[in-house]
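Below: the structure, in structure tokens.
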Amino acid sequence: MPETAGLAVKSAIIDREVIDFERDGRPTIDAFRAALSSDLQRLVFVAFDLLFLDGQDLRGLVQVERRERLAALIGREADGESGIGNMWAPERVTVQ
């Protein structure tokens, strides 16, 4: 799995997906399966929500606050997206 040890925490539960992208930028199951069998470094850990942090249950907080803590945990890039290594937290999640 992708390296995620860069986080400065003792423990965390993060709602996430591990994906890989096709050449056109779309995440697909075929790309994921190909990466599993050939190149794990291509996989991206996409984090959506931070549920527990260092023993503290964050589920009682509003989602906006949990996402802000998640962004602070993994770092925020200049474009508003958050990321560290192969870990990424999109600012918005769109369901189609």
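Looking at R92, R59, can you tell me which residue is at pLDDT below 85, in a loop (DSSP other than H, G, I, E, B) and basic (K, R)?
Working: R59 fails: at pLDDT below 85.
None of the others qualify; the one that does is R92.
Do you know which residues across segment 26-56 are small (G, A, S) and outside any helix (DSSP H, G or I)?
Taking segment 26-56 as the starting set, the residues that turn out to be small (G, A, S) are 31, 34-35, 37-38, 47, 55.
Answer for segment 26-56, where residues must be small (G, A, S) and outside any helix (DSSP H, G or I): A47, G55.
Taking only segment 17-53 into account, find how many residues are within 12 Å of the chain's Cα centre (by Cα), modelled with pLDDT under 85 and surrounded by 15 or more Cβ atoms within 10 Å (Cβ to Cβ). Outline the logic, then answer.
Of segment 17-53, the ones within 12 Å of the chain's Cα centre (by Cα) are 17-19, 43-50.
When the remaining residues are screened for being modelled with pLDDT under 85, the result is 17-19, 43-48.
Then keep just the ones that are surrounded by 15 or more Cβ atoms within 10 Å (Cβ to Cβ); that gives 18-19, 43-48.
Counting residues in segment 17-53 that are within 12 Å of the chain's Cα centre (by Cα), modelled with pLDDT under 85 and surrounded by 15 or more Cβ atoms within 10 Å (Cβ to Cβ) gives 8.
The values are calculated or read from the model by the stated rules, or taken from the named source; none is laboratory data. Remember, it's a predicted structure, so these values are computed and weren't measured experimentally. As a convention, Cβ positions derive from the backbone with ideal geometry for all residues, glycine included, and neighbour counts pool all protein chains shown.
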